[in-house]
1. Put a dot 7 Å past each Cα toward the Cβ at VAL114 and VAL15; how far apart are the dots in nm?
2. Test of understanding: ordering LEU64, LEU89 by Cβ neighbours within 10 Å, fewest first, what list do you get?
3. With just the Cα atoms defining each centre, how far is the range 94-119 from the range 43-58? Give it in Å.
4. For the range 21-105, which chymotrypsin sites (Phe, Trp or Tyr not before Pro) are in a loop by DSSP, counting at most 12 other Cβ atoms within 10 Å?
5. Counting residues in the chain as N, plug N into 2.2 N^0.38 Å and put the Cα Rg over that result.
6. Which is the longest stretch in the chain that no exposed loop site breaks, taking sites as trypsin sites (Lys or Arg not before Pro) with a DSSP loop state and at most 15 other Cβ atoms within 10 Å?
7. Relative contact order of the chain, please, whole-number percent, based on alpha carbon pairs below 8 angstrom and at least 6 residues apart.
8. Taking the Cβ of PHE117 as the centre, find all other residues whose Cβ is under 9 Å away and add up their charges (Lys, Arg: +1; Asp, Glu: -1).
Amino acid sequence: MNKEYICEKCGTEMVPIDKKIPVGLTCPNCGWGWATTYIDPIIEDDTVYSVVLQKENKALKNTLKTVSAIAKCNYIKAKEYIDNAPVELFRGKAIEVKNLKEQLDSANISFVIVPDFPY
Ligand SMILES: [Zn+2]
């Protein structure tokens, strides 16, 4: 623990509020403390993830609709993606990918996220 972190009220060395998540420090003597706002790790995740459409999808209406929505293209282009899979449909941050993952799952579309998506 860095010695800079001493309690403003009583001078006792402060301890982390939670050992696992660096949310802030608290004084074990008088209870004074400060906490940084807890931020969901998915928001802080700067990894760029790729959503890759897999081969075994059929160009069903629902699949076309979902693929075109995610790749922001028309149905003709969406069918090309399905025919030419594996193909990258989207590249972006975890928070966006999570939303797309739910859409793909609910449409029963086969896909992978690279690198491994932990959410
Ligand atoms: Zn204190």
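Quick note: the coordinates plus some simple rules give every number you see, no bench work behind them. Keep in mind the model is a prediction, meaning the values are calculated, not measured. No Cβ is skipped: glycine too gets one built from the backbone with ideal geometry, and neighbour counts run over all protein chains shown.
1. 4.7 nm
2. The fewest-first ordering by Cβ neighbours comes to LEU64, LEU89.
3. 6 Å
4. TYR38
5. In units of the 2.2 N^0.38 Å rule of thumb, it is 1.68.
6. Result for the longest clean stretch: 21-54.
7. 25 percent
8. Taking every other residue near PHE117 into account, the sum is +1.
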